[in-house]
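I have placed the structure first, in the form of structure tokens, so that the comments after it can refer back to it.
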Amino acid sequence: MRWRIDLRYDGTEFHGWARQEGLRTVQGVLEQALATVLRQPELPSVTCAGRTDTGVHARGQVVHVWLPEGIVARNLVHRLNGVLPDDVWVIKGMEAPEGFDARFSALWRRYVYRICDDNIARDPLTRNHVLRVLQPLDVDRMNEASARLLGEHDFAAFCKRREGASTVRALQEFSWRRTAPGLVEATVIADAFCHSMVRALVGSIVPVGDGRRDLDWPAKVLAAKVRDSAVTVLPAHGLTLEEVGYPEDDQLAARAIEARNVRGEVHTRG
């Protein structure tokens, strides 16, 4: 049976999502936990909705995995959380609806990037999840500049290119808000993301917010369709995958086919 598992993790001590020989990764830890609780000699292979990079966190990661029949969801979640390390937590597990694919059935991914722009608000307890910047940020200017990037475009200027993979994406939301004195959050939603795209997008807006760049600079970078070395890819620790959205159950299979066909291989890394 194909199962859906939702989980959270602190990415600080992980070398990203994808399994890598000799390195601690979220995929590797989860697959080992599954093999342990199922008493299988071979590691089951899990597929995620968004392959987070080294240091990126997740509150709403989704995976699918093929498991033997007869498993009770409540027991599986309890046993997994009993063997997983403290920086990973399974929220829920269930038999997946027909046609469900954690990666290709997804309609959108929502990331949030958190920034502290005031020394008074700086909190050592959040140092692994919030980026500190030296200059105060103008949220209104940042929202104006971000709005000019919305829509379906070739985001090659903000991505690390992979041979044979498209860099066309539909950016559905890119907004900023001040959640507390000295704390700013960027919400970025798209159908999918290229490698480092979220951190590059946010990195193009921060210099607008602190006055180093004009309002139209990020849009000019986008229009050039060429990776711009002037765009800073911000550190990973400020980024969290918050949520993944899926269509109704009867549309899951069709969405998966559409996502595979429209752009070839879809990459979803932040």
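Read-outs throughout are calculated quantities, based only on the coordinates presented, and are distinct from any laboratory measurement. Keep in mind that this is a model prediction, so the values were computed, not measured. Glycine also receives a Cβ, built like all others from the backbone with ideal geometry; neighbour counts cover every protein chain displayed.
Within the stretch 192-212, list the residues whose amide N lies under 13 Å from a label point set 7 Å along Cα→Cβ of Leu134.
none
Taking the number of other C-beta atoms within 10 Å as the exposure measure, put Lys220, Lys160 in order starting with the fewest.
Arranged by neighbour count, lowest to highest, Lys220, Lys160 become Lys220, Lys160.
Explain nothing, just compute: Karplus ³J(HN,Hα) = 6.51 cos²θ - 1.76 cosθ + 1.60, θ = phi - 60°, for every residue of the stretch 59-71 in order, whole Hz, x for Gly and Pro.
Coupling constants for the stretch 59-71: 10, x, 6, 10, 9, 10, 7, 8, 10, x, 6, x, 7 Hz.
Kindly point out, ordered by number, any Cys in the chain whose beta-carbon has no other cysteine beta-carbon under 4.7 Å away.
Within the chain, the cysteines lacking a partner Cβ under 4.7 Å are Cys48, Cys116.
Please give me, ordered by residue number, the GluC sites (Glu not before Pro) of the stretch 96-159 that lie in loop per DSSP and have at most 12 other Cβ atoms within 10 Å.
Here the GluC sites (Glu not before Pro) that fit, given the DSSP loop and packing criteria, are Glu98.
Using Cα pairs under 8 angstrom and six or more residues apart, how large is the relative contact order of the chain, in percent?
The value is 26 percent.
For the peptides 33-46, 191-204, what is the packing order when you average, over each peptide's residues, the other Cβ atoms within 10 Å and list the highest mean first?
191-204, 33-46
Just want the ordering: Met94, Met142, from fewest to most Cβ atoms lying within 10 Å of their own Cβ.
Ascending Cβ contact count within 10 Å gives the list Met94, Met142.
Please report Ser105, Ser229 as a ranked list, fewest other C-beta atoms within 10 angstrom at the top and most at the bottom.
Listed from fewest to most nearby Cβ atoms, that is Ser229, Ser105.
Between Arg24 and His78, what is the label-to-label distance in nm when each label sits 7 Å out along the Cα-to-Cβ direction?
Each label point lies 7 Å from its Cα, and together they span 2.8 nm.
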